[in-house]
1. Would you kindly derive the ³J(HN,Hα) couplings of the stretch 243-258 from the backbone phi angles with the Karplus curve 6.51 cos²θ - 1.76 cosθ + 1.60 (θ = phi - 60°), listing them in order in whole Hz, with x for Gly and Pro?
2. Using every alpha carbon pair in the stretch 127-208, what percent of pairs falls into each 5 Å bin from 0 up to the bin containing the largest distance?
3. Taking θ as phi - 60°, what are the ³J(HN,Hα) couplings along the stretch 166-171 by the Karplus curve (6.51, -1.76, 1.60), each to the nearest whole Hz, with x for Gly and Pro?
4. Once amide H atoms are built 1.01 Å from N in the peptide plane, which residues 5 or more positions from residue 129, or in another chain, come under 5 Å H to H?
5. Could you list the residues of the stretch 225-239 with an amide nitrogen less than 20 Å from a label point located 7 Å from the Cα of residue 130 in the Cα-to-C-beta direction?
6. Step through the residues of the stretch 197-203 one at a time and calculate ³J(HN,Hα) from phi using the Karplus curve (6.51 cos²θ - 1.76 cosθ + 1.60, θ = phi - 60°), rounding each to whole Hz and writing x for Gly and Pro.
7. Between the stretch 250-270 and the stretch 142-197, how far is it from one alpha carbon centroid to the other, in angstrom?
8. Amide H neighbours of residue 182 under 5 Å, counting only residues 5+ apart in sequence or on other chains, H built in-plane at 1.01 Å?
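A short reminder: the numbers here are calculations on the coordinates, not readings from a lab. Keep in mind that what you see is a predicted model, and the values were worked out from it rather than measured. When we count neighbours, we look across all protein chains shown, and the Cβ atoms used for this are built from the backbone with ideal geometry, even at glycine.
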Amino acid sequence: MKFLFIALLSLGSVQLSAQVVDKLRDASDQNLSTGAYSVPVSSAEPVYYAPPSPSTTVSLSDPYPIPDPATFEPGEYQPAYRPARRNHVSSGGQSLYFPEPMSMDAQFQLGLQNRPAYFYLEFTPQAGVSPQYTTLLGQLRLGYGWGSTSIRYYNLIEMGRDFLANYRTIDWQIFRARLVERPWLQWHVGLGVMYEQYNDVFYPEFTTEVGVNAMQGKLYIPVEFRATVDDITGAWVRQEINVQGNYRLMEDRHYTLSATAGYFFQYYYESVRVQSPTLGLRMLLF
């Protein structure tokens, strides 16, 4: 009878241990499926796994992906965060570490560290129509990493009963730098020149752009300000505010295609106001 009682007690302990292990395994699987770095280890010191190597191709439309745990390989990588002891569970000689969840900003910065620099080519044709003016714009940008250069063709067409007038400029942003990059925010500044075809003259131009990401990166909303000044007289040649919404329609490993819609306001020589809605496309190759 005594042996029977001991056998039943042992069987119950085995079943209880199996239930605990199953729950821990389920919790670990669930944690891994959410992108966290939690792995079972057999010693007091946790084993860290390295994220994908810098040669991994990263889509520009998803600039801060969470590495897939299924692709991890053992390495010496020490993450910026360390599992807290309060999340340590020990059972049957096995240790499980459940790290603190990473913030979106921390995930993004980790993605930046492992993202290789890349060349990209961006082309944005747009057109705007208002009761008085028709506007044609085309911008070509070449970039590498956080720096870029771009050329914008601008044609303002005014049509009357017996006349057709054009005002054209070519705006060359000699250098534009990305100063801030966050999961939901980007900030760029640039310096270049504006060529006014009518007077055949060049003016220095300064630009700054603040962009917001929404809808998990499918929608990008940049607000750009351009200031062009006559370096001899100090008069403002042009001041421009341009608000755009770029909605990603399709993407592949080497390109993205977005539809654009927006509105711009321009103030020339502190006397002439031009404003119009715009529609267009944005094509990005990398």
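1. The phi angles translate into 10, 10, x, 10, 10, 6, 8, 7, 7, 9, 5, 10, 7, 9, 10, 10 Hz.
2. Pairs per bin, as whole percents: 3, 13, 19, 18, 16, 13, 9, 5, 2, 1, 0.
3. Calculated HN-Hα couplings, in order: 10, 10, 10, 9, 10, 10 Hz.
4. Result for residue 129 returns 135.
5. Flagged as within label range: 225-229, 236-239.
6. Once rounded to whole Hz, the list reads 5, 4, 9, 6, 9, 10, 10.
7. 11 Å
8. HN-HN under 5 Å from residue 182: empty list.
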